[in-house]
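The values are calculated or read from the model by the stated rules, or taken from the named source; none is laboratory data. Quantities reported herein were computed from a predicted structural model and do not represent experimental measurements. Because the Cβ atoms are built from the backbone with ideal geometry, glycine has one as well, and the counts that use them run over all protein chains shown.
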Amino acid sequence: MQWIAFAILFLSCSGALGAGCSFAEQSSADAYVRHVAALSHQGCFGRENDEDPLSAHVLKSLDQTDMPMRTVDEVAAVRDLAVDLLQQVEQSLSLAGSQSGSAWERHYVLMRYRLLEARSQVASLDGRVQAVYWEYDDLSYFDGELDLKDGIRENCSGEFTASCRGGLTDAASLIRHAALTHAILNDVLSKRRLIPLYKEVSVLDEKWRVYFEEGRSQYIWELAFNGWLYRKSITGAELAPPPAYQWILLHPGAAVEYINEEGMVFNAVALVELIGYNRLWHPDSIMRGFPLGVSGIMTVSLGDAGDRLGWGAMIHFRNKLSIGAARRSIGNGEETTWLLSVDLGKLFLQVDEQVIEKFRF
């Protein structure tokens, strides 16, 4: 279906030039070369003065690609748009080449090969692809590998014939497709830094994954509080790393309580971490360090003996294991109880993507 659409588009409107961009009869073959070069410099082929529908579509699409690129998925969306535009340019180039004169066949084949190569490199975010490779240089491209001057001279060696018009049309077509390719690559590679930015946001996404998946679980009120503190600290930076800490607020959980009372006694207790602080990593080295936290806690005993409530502190190791101590009456006076707990919230607290996006941005 895309081929049919491009065929209709190409046959109905191909080669439309803006005002002041029409071909005119010249006195010699070299004069025709200078004529095409002048029209190109005026922006007649693949630039602002080109009325060709493909040029209008590509340039308009690039003007409207003000997409955010803060995550891997958002960078991939811009990359996919660039790949799609390059595919449209390649299909148009292929169609134009099938209708070209024999003198231009080699030029179309070479440019299409380079275009397919560039599209593949953009799709894979290959750092070798360069926009500068497609820049116009005295009617030649690819460091002189593709030169249009000889083709123009061959078709326009004498009068302004149909063959000459056809040769000029082919030269304009090749310049147009090269200019559009350059515009796409320049937009996503130079202006938007697609490839280095992809690497940067890939690292950031991994850091955020660690924060939400490997840090301690957070209830909605903890996420709201930590998000509020985080947004105050970054003040407008879109590509900011996650915080190196988590504040713990009224965090419910459970623990095994050990009491040394005429032998070993183990009880299941509920607990609430009233307030605490968990350091996820050292800020100078995001993936290293030893996650460590501490909380002030209240325990709630399920048994009948003594006070149900106890008060104490708990230390968190590597976001997984917590050891604490609390004081409460067990029926024959105050006693220190020892606690062992794991982060049960990880079993059922799943952070929604919208919550993560609101936290980050």
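Of the residues making up the range 130-151, those that are in a strand (DSSP E or B) and out of contact with any strand residue (DSSP E or B) (no Cβ under 6 Å at 6 or more places or on another chain) are ASP137, TYR141, LEU146. Beta carbons closer than 8 Å, at least 6 apart along the sequence or on distinct chains, pair a first residue in the range 318-333 that is within 30 Å of GLU213 (Cα to Cα) with a second that is of a type in the set (A, V, I, L, M) and in a loop (DSSP other than H, G, I, E, B) for ASN319/LEU280.
Picking from residues in the range 88-143 that are among the aromatic types (Phe, Trp, Tyr) and within 32 Å of the chain's Cα centre (by Cα), the one that is farthest from LEU174 (Cα to Cα) is TYR133.
Do we find that LEU93 is surrounded by fewer than 21 Cβ atoms within 10 Å (Cβ to Cβ) and on the phi < 0 side of the Ramachandran plot in this structure? No. Within the range 80-96, not a single residue is in a loop (DSSP other than H, G, I, E, B) and without any contact (Cβ under 8 Å) to a residue 12 or more places away in the chain.
Okay, residues lined up against (1) buried (at least 17 other Cβ atoms within 10 Å of the Cβ); (2) within 30 Å of ARG153 (Cβ to Cβ); (3) touching a strand residue (DSSP E or B) at 6+ places or on another chain (Cβ under 7 Å):
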{"site": "CYS21", "(1), (2), (3)": "yes, yes, no"}
{"site": "GLN26", "(1), (2), (3)": "yes, yes, no"}
{"site": "ALA29", "(1), (2), (3)": "yes, yes, no"}
{"site": "HIS35", "(1), (2), (3)": "yes, yes, no"}
{"site": "GLY46", "(1), (2), (3)": "yes, yes, no"}
{"site": "ASN49", "(1), (2), (3)": "no, yes, no"}
{"site": "PRO53", "(1), (2), (3)": "no, yes, no"}
{"site": "LEU59", "(1), (2), (3)": "yes, no, no"}
{"site": "MET67", "(1), (2), (3)": "no, no, no"}
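The numbered conditions (1) more than 30 Å from SER295 (Cα to Cα); (2) touching a residue at least 24 places away in the same chain (Cβ under 8 Å) are all true for PRO196 except (2).
Taken together, the residues in the range 100-129 that are surrounded by 15 or more Cβ atoms within 10 Å (Cβ to Cβ) and either part of a helix (DSSP H, G or I) or not small (Gly, Ala, Ser) (or both) amount to 17. Considering only residues in the range 165-208 that are modelled with pLDDT of 90 or more and of a type in the set (D, E, K, R), the one that is farthest from HIS41 (Cα to Cα) turns out to be ARG165.
Filtering the range 345-361 down to residues that are touching a residue at least 40 places away in the same chain (Cβ under 8 Å) and of a type outside the set (Lys, Arg), which residue is nearest to LEU249 (Cα to Cα)?
Going through the qualifying residues, I end up with GLY345.
Conditions (1) closer than 15 Å to LEU86 by Cα; (2) of a type in the set (Lys, Arg), marked per residue:
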residue	(1), (2)
ALA131	yes, no
GLY144	no, no
ASP150	no, no
ARG153	no, yes
ALA162	no, no
ASP205	no, no
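Does ILE195 satisfy the criteria of being surrounded by fewer than 22 Cβ atoms within 10 Å (Cβ to Cβ), farther than 14 Å from PHE23 by Cβ and not basic (Lys, Arg)? Taking the combined requirement at face value, the residue satisfies it.
Would you say TRP228 is assigned to a helix (DSSP H, G or I), of a type in the set (Phe, Trp, Tyr) and either at pLDDT below 95 or within 23 Å of PHE361 (Cβ to Cβ) (or both)? So TRP228 passes the test.
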